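Asker: Pasting in a structure now, in structure tokens, and then I'll have a few things to ask.
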Amino acid sequence: MLRDLRCAGADFCEEIAGAQESTFSLVYEGEPRSRVIWETNGFRLIADLSPLSVGHLLLLPVEHYLSFAQLIEERGVELAGVLESVGALYRATFGRLTVLEHGSSAAMKASACISHAHWHLMPVDGNQVNSLITADGLPRSALTDLKQLAPYGGTPYFLCGRPGKYYVYDGQRPMRSQYLRSIVGQVLGIPDPLFDYALVVRKELLRETVARTSGWRSILDGPR
Ligand SMILES: [Zn+2]
Ligand SMILES: [Zn+2]
């Protein structure tokens with residue numbers, strides 16, 4: 001089971017395509033039956049398989065992209081709408097919202113982990129995350145609009161921020177694996193290496209997340 005969990009990114013394509021047996025269904029054995037919180041034409045909002053906190057969600061494009069930088073030109077308008085409606089509910093439910101991404105490059109395809117673009121939505125203090133990444137010496141640029149992410153498509157990067165204020169970090173320098181999880185682990189006081197998604201699967205956190213977001217779909221879809 002630990003091996004199956006090693007590359008969470010590789011499983012998204014199959015799970016999104018509706019595979020009967022996903023890593024999720026194997027790990028959670030029907031409790032809950034689904035981790036999908038909401039979907040639009042282009043995006044899906046799901047609970048992270050191995051959450052670091054209650055409210056640890058993933059936002060993914062339905063189509064395959066390696067990073068949000070690669071989809072922002074085609075899907076940026078829809079993404080902005082999704083962020084606006086989900087962001088308000090997220091803050092009301094979990095307190096605050098920080099968006100995190102490790103954007104993959106085509107070169108990383110050659111390694112074991114083929115990545116399907118995904119954003120982590122987390123109720124952590126983004127300023128603390130940004131300070132820790134900056135302390136590691138990664139060069140960064142501020143984005144005032146997500147469209148400015150487009151030039152980073154095809155290169156590895158880290159993104160951290162919230163709607164209206166994002167920082168993108170140069171990801172060329174090899175960092176420890178699960179780098180952003182290690183940073184969030186520090187913010188949350190999770191001892192190294194227990195942030196590793198394969199080491200501890202906090203199933204009760206996913207179950208609470210799914211329960212606390214169970215009313216979102218009807219709010220987000222609105223009156224029919
Ligand atoms: Zn994919
Ligand atoms: Zn991730």
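The values are calculated or read from the model by the stated rules, or taken from the named source; none is laboratory data. Just so it is clear, the structure is predicted and the values come from calculations on it, not from any experiment. Using ideal geometry, Cβ is built from the backbone for each residue, glycine included, and neighbour counts are taken over all protein chains shown.
Asker: Quick one: in region 12-45, which of the residues that are surrounded by fewer than 20 Cβ atoms within 10 Å (Cβ to Cβ) and among the aliphatic types (A, V, I, L, M) is nearest to HIS120 (Cα to Cα)?
Answerer: Taking the candidates together, the pick is VAL36.
Asker: Select, from SER115, SER111, SER105, SER131, the only residue that is within 24 Å of ILE190 (Cβ to Cβ) and modelled with pLDDT under 95.
Answerer: Working: SER111 fails: within 24 Å of ILE190 (Cβ to Cβ); SER105 fails: within 24 Å of ILE190 (Cβ to Cβ); SER131 fails: modelled with pLDDT under 95.
The match here is SER115.
Asker: For region 46-74, give me each residue that is buried (at least 16 other Cβ atoms within 10 Å of the Cβ) and away from ligand 1 (no atom under 16 Å from the Cβ).
Answerer: Listed by number, the residues that qualify are ALA47, ASP48, SER50, PRO51, LEU52, SER53, VAL54, GLY55, HIS56, LEU57, ILE72.
Asker: Let me ask something else about it. Pairs only if they're at least six apart or on different chains, beta carbon under 7 angstrom, first in region 107-124 and more than 13 Å from ligand 2 (Cβ to nearest atom), second modelled with pLDDT of 80 or more and among the basic types (Lys, Arg); list them, first residue then second.
Answerer: Pairs that qualify, where the first residue is more than 13 Å from ligand 2 (Cβ to nearest atom) and the partner is modelled with pLDDT of 80 or more and among the basic types (Lys, Arg), are PRO123/ARG96.
Asker: Moving on. Answer yes if at least one residue in region 49-61 is within 13 Å of ligand 2 (Cβ to nearest atom) and free of Cβ contacts under 8 Å to residues at least 40 places away in the same chain, and no otherwise.
Answerer: no
Asker: Kindly provide the set of residues from region 1-23 that are at pLDDT 50 or above and more than 19 Å from PHE43 (Cα to Cα), ordered by number.
Answerer: Listed by number, the residues that qualify are GLN20, GLU21, THR23.
Asker: So how many residues does region 73-106 have that are within 16 Å of ligand 2 (Cβ to nearest atom) and part of a helix (DSSP H, G or I)?
Answerer: Looking only at that region, the number is 0.
Asker: Still on this structure: Tell me, yes or no, whether region 55-65 has at least one residue that is part of a helix (DSSP H, G or I), farther than 18 Å from THR98 by Cβ and either modelled with pLDDT under 95 or not acidic (Asp, Glu) (or both).
Answerer: Checked region 55-65: no residue is part of a helix (DSSP H, G or I), farther than 18 Å from THR98 by Cβ and either modelled with pLDDT under 95 or not acidic (Asp, Glu) (or both).
Table: residues versus (1) part of a loop (DSSP other than H, G, I, E, B); (2) surrounded by 15 or more Cβ atoms within 10 Å (Cβ to Cβ); (3) of a type in the set (Phe, Trp, Tyr).
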residue: ALA142; (1), (2), (3): no, no, no
residue: LYS147; (1), (2), (3): no, no, no
residue: PRO151; (1), (2), (3): no, no, no
residue: GLN172; (1), (2), (3): yes, no, no
residue: ILE190; (1), (2), (3): yes, yes, no
residue: PHE195; (1), (2), (3): yes, yes, yes
